[in-house]
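J.: Below is one structure. I have some questions about it.
No value in this document is a laboratory result; all are computed from the given coordinates. Here the structure is a predicted model, which means the values were calculated and not measured. Positions of Cβ are generated from backbone atoms using ideal geometry, with glycine treated the same way; all protein chains shown enter the neighbour counts.
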Amino acid sequence: MFPNRFTFLNTPINDLRIIERRQLGDSRGFLSRLFCSKEFTEAGWCKPIAQINHAVTNRKGTVRGMHFQYSPYAEMKLITCLRGAIWDVAVDLRVGSTTFLQWYAAELTATNSRAILIPEGFAHGFQTLSDACELLYLHSSAYTPEAESGLSPLDPLLSISWPLPISDLSDKDAQQLPVGPEFKGVPV
């Protein structure tokens, strides 16, 4: 019997998990499994992988996010840093959640063998901690423009503590509105 290749760590926000990958290595290098449906099902990934994206962000301090999709296109995401380092943030938007509008962040690097498993009903974003960052995203639902939305990464109500001064933010992300009293959350 082969041992599990992953350790799933709980966070203070229910269902949001950090994944530590076990590396099998020798003098040549290592092998690290990125995904295993059997092990991830036990951790809450309950749908097929619908889309895999590879993103490159060139400049340290860049913020991308906070993005999400409304149901029925809500998506789980598995985020892995392949090169560089990022500060990855997830915000709980689930209607009725005891941690509604709370955020959690984890540092993901090319060398720490960590990933973050984000359930449906969360907004996601990150800040690059180094130049030339590469990320791999696994999604449970394909990108659907008409279901897409976002939160302002600078929203004072969320009060996300970005670790670096923001060096770059897309016009689209900069124009996201802060959470207002009319925002009741995302049904999951």
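J.: What net charge is computed for the residues neighbouring residue 73, neighbours being all others with C-beta under 15 Å from the C-beta of residue 73, Lys and Arg scored +1, Asp and Glu -1?
T.: -2
J.: Is segment 46-123 best put as rounded, prolate or oblate by its Cα gyration tensor, with a ≥ b ≥ c the root eigenvalues, rounded for a/c under 1.5, and otherwise prolate when a/b is larger than b/c, oblate when not? Mind dumping the intermediate values first?
T.: Working: a/c = 1.89, a/b = 1.47, b/c = 1.29.
Prolate shape, in that a/c is at least 1.5 and a/b is the bigger ratio.
J.: Tell me which label goes with the value of Cα extents along the principal axes in Å computed from the coordinates here: (1) 72, 37, 35; (2) 54, 34, 29; (3) 49, 40, 28.
T.: (2)
J.: Rank the residues 46, 133 as a footprinting-exposure proxy: fewest other Cβ atoms within 10 Å of their Cβ go first. Mind dumping the intermediate values first?
T.: Working: 46 11, 133 26.
Exposure proxy ranking, most exposed first: 46, 133.
J.: Additional query: So what is the 222 nm mean residue ellipticity for the chain from helices alone, if each DSSP H run of at least 4 adds -39500 (n - 2.57) and you divide by all residues, rounding to the nearest 500 deg cm²/dmol?
T.: So the calculated ellipticity at 222 nm is -1000 deg cm²/dmol.
J.: Follow-up question, since we're still on this one. Of the peptides 92-98, 117-123, 7-13, 82-88, how do they stack up when ordered by the mean number of other Cβ atoms within 10 Å, highest first? Let's see the in-between values first.
T.: Numbers: 92-98: 16.6, 117-123: 24.4, 7-13: 14.3, 82-88: 19.6.
Sorting 92-98, 117-123, 7-13, 82-88 by mean packing, highest first, produces 117-123, 82-88, 92-98, 7-13.
J.: Contour minus end-to-end for residue 55 and residue 144, with contour as 0.36 nm per residue of separation and end-to-end as the Cα-Cα distance?
T.: Result for the pair: 30.3 nm of gain on full extension.
J.: Shifting gears a bit: Work out, step by step, the length gained on full extension between residue 4 and residue 157: first 0.36 nm times the residue separation, then minus their alpha carbon distance; give nm to one decimal. Please report the intermediate quantities before stating the final value.
T.: Details: separation 153, 0.36 × 153 = 55.08 nm, distance 3.95 nm.
Computed gain between residue 4 and residue 157 is 51.1 nm.
J.: Taking R0 as 35 Å, what's the FRET efficiency between residue 33 and residue 171 from their Cβ-Cβ distance, rounded to 0.05?
T.: For residue 33 and residue 171, the calculated efficiency is 0.40.
J.: Might you report the magnitude of the Cβ-based charge dipole of segment 19-166 about its Cα centre, with Lys and Arg at +1 and Asp and Glu at -1, to the nearest 20 debye?
T.: 380 debye
J.: Residue 77: which lysines have alpha carbons under 18 Å from its alpha carbon, excluding same-chain residues fewer than 8 sequence positions away?
T.: Reachable lysines: 38, 47.
J.: While we're here: Please arrange 66, 76 by counting, for each residue, the other beta carbons lying within 10 Å of its beta carbon, fewest first.
T.: Going from least to most buried by this count: 76, 66.
J.: Using Cα pairs under 8 angstrom and six or more residues apart, how large is the relative contact order of the chain, in percent?
T.: The value is 29 percent.
J.: Determine the sum of side-chain charges near residue 59: Lys and Arg each +1, Asp and Glu each -1, restricted to other residues whose C-beta is under 15 angstrom from that of residue 59. Don't skip to the answer; put the middle values down first.
T.: Working: positive: 60, 64, 83; negative: 131, 134, 168, 173.
Net charge in that neighbourhood comes out at -1.
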